[in-house]
1. Restricting to the range A:88-106, and then to whatever is within 18 Å of A:L66 (Cβ to Cβ), at the interface with chain B (Cβ under 9 Å from one of its Cβ atoms) and touching a residue at least 12 places away in the same chain (Cβ under 8 Å), can you tell me which residue is surrounded by the fewest Cβ atoms within 10 Å (Cβ to Cβ)?
2. The conditions are (1) at pLDDT below 90; (2) surrounded by fewer than 14 Cβ atoms within 10 Å (Cβ to Cβ), and B:R57 fails exactly one of them. Which is it?
3. Which of the residues belonging to the range A:94-134 are among the β-branched types (V, I, T) and part of a helix (DSSP H, G or I)?
4. Would you mind telling me which numbered condition in (1) more than 21 Å from A:K21 (Cα to Cα); (2) open to solvent by less than 20 Å² (accessible area, probe 1.4 Å) A:A53 fails?
5. From A:I95, A:I128, A:I115, grab the single residue that is over 15 Å from B:C53 (Cβ atoms) and modelled with pLDDT of 85 or more.
6. Return the pair list, or none, for Cβ contacts closer than 8 Å from residues in the range A:1-30 that are more than 9 Å from chain B (Cβ to nearest Cβ) to residues that are open to solvent by less than 80 Å² (accessible area, probe 1.4 Å) and hydroxyl-bearing (S, T, Y), at least 6 apart or on different chains.
7. For the range A:120-134, which residues satisfy the criterion of being of a type outside the set (G, A, S), open to solvent by 10 Å² or more (accessible area, probe 1.4 Å) and either farther than 22 Å from A:N5 by Cβ or within 7 Å of chain B (Cβ to nearest Cβ) (or both)?
8. Among the candidates B:S11, B:S43, B:S3, B:S37, single out the residue that is farther than 30 Å from A:K25 by Cα, at pLDDT below 80, more than 7 Å from every other protein chain (Cβ to nearest Cβ) and buried (at least 16 other Cβ atoms within 10 Å of the Cβ).
Amino acid sequence: MKNPNTLKKKLASRFLKAMKKLKYKMSPSPPASIAEKKRRHRAVRAAAYASMASAVGPRRAWSRALLRKMKGRKRARRNPGNMNTRFGLNHLCDIVPGGEAMDSCSLLNETAHYIKCLVAQVQIMREILHSSSSSSTIL
Amino acid sequence: MSSRRQQSRQSGASRITDDQIADLVSKLQQLIPEIRSRRSNKSSASKVLQETCNYIRNLHQEVDDLSHRLSGLLQSTDADSAQATIIRSLLM
C-alpha cells in the first residue's frame, strides 16, 4: 500500500500549484458580483478534483474517469450486468467516478482508494485555510 | 487478494463470489469513521455500503464548502507558506 504521506504531498503540491494559477488569473480586486464569486468557487472546486485526478494519474479507474471527464472525452461503457444490486452497489456506482463501468469487486476497491484520496484532499484544503487565516507562519 | 482474482478468472465468466464482496465490504468498513466508532462488528453489507455512500457524499460536500471558503481567501493566500506548512506537518 502506498505511503499515505507521499500521496498527500503529491496532492498538496498539485493543488497549491493550481491555486497559484487561479490567483494570477484573477483580478486583484475582490469579486464584484455574485456570478464572479460563484465562478471562483467552481474554479477552486474543479482544481481540487483535477489535482486529485492528476496526482493519482492513470493508475486507478476512478482517476481515469475523472481525467476523461476533464478532457471532455466520452464516458467508458456502462457495465452490462455484473452489478450486485442486492448489496446496494447501484448507488455507489453513481457516486464513485467511473463506477458505472466497473464490476462489483473493482467498484469496492476503487471506492476504498477514492475515499482515501478525498480524505487527504479535504485535509489539505483545511490546512491551507488554517495556515492562511493564522497571522504568522513561524514554527 | 490477487490470487482470489485469478481464481475467479479461471472459473470462467468472471463470476464474483459473495465471499469476495463480503471481504471487500469489510475492508471498506475500516475506512468509514461512522462505523468504526460503533464498536459492533455486525453491520450488514448493505448497511456498510449505505454508510459508504453517505460518507462519500459528505466528503464531496466538504470539498464544496472548503472550495467556497478558499475562493474567498484566494486574494490573500500565500501558496508558498501554505505549502511549507503542510510539508512540515507531514514530516513531523
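The values are calculated or read from the model by the stated rules, or taken from the named source; none is laboratory data. Just so it is clear, the model here is predicted, and its values are computed rather than measured. Positions of Cβ are backbone-derived with ideal geometry, glycine not excepted, and every protein chain shown enters the neighbour counts. Note: areas computed on protein heavy atoms with side chains; ligands, DNA, RNA excluded. Shrake-Rupley method; radii C 1.70, N 1.55, O 1.52, S 1.80 Å.
1. Selected residue: A:L92.
2. Against the list (1) at pLDDT below 90; (2) surrounded by fewer than 14 Cβ atoms within 10 Å (Cβ to Cβ), B:R57 comes up short only on (1).
3. A:I95, A:T111, A:I115, A:V119, A:V122, A:I124, A:I128
4. Of the numbered conditions (1) more than 21 Å from A:K21 (Cα to Cα); (2) open to solvent by less than 20 Å² (accessible area, probe 1.4 Å), the odd one out for A:A53 is (1).
5. After ruling out the rest, the residue left standing is A:I128.
6. As it stands, the answer is A:L11/A:S51; A:R14/A:S51; A:R14/A:S54; A:F15/A:S51; A:A18/A:S51, since those pairs meet every condition given.
7. A:R126, A:E127, A:L129 - these are the residues of the range A:120-134 that are of a type outside the set (G, A, S), open to solvent by 10 Å² or more (accessible area, probe 1.4 Å) and either farther than 22 Å from A:N5 by Cβ or within 7 Å of chain B (Cβ to nearest Cβ) (or both).
8. One residue alone meets the criteria, B:S43.
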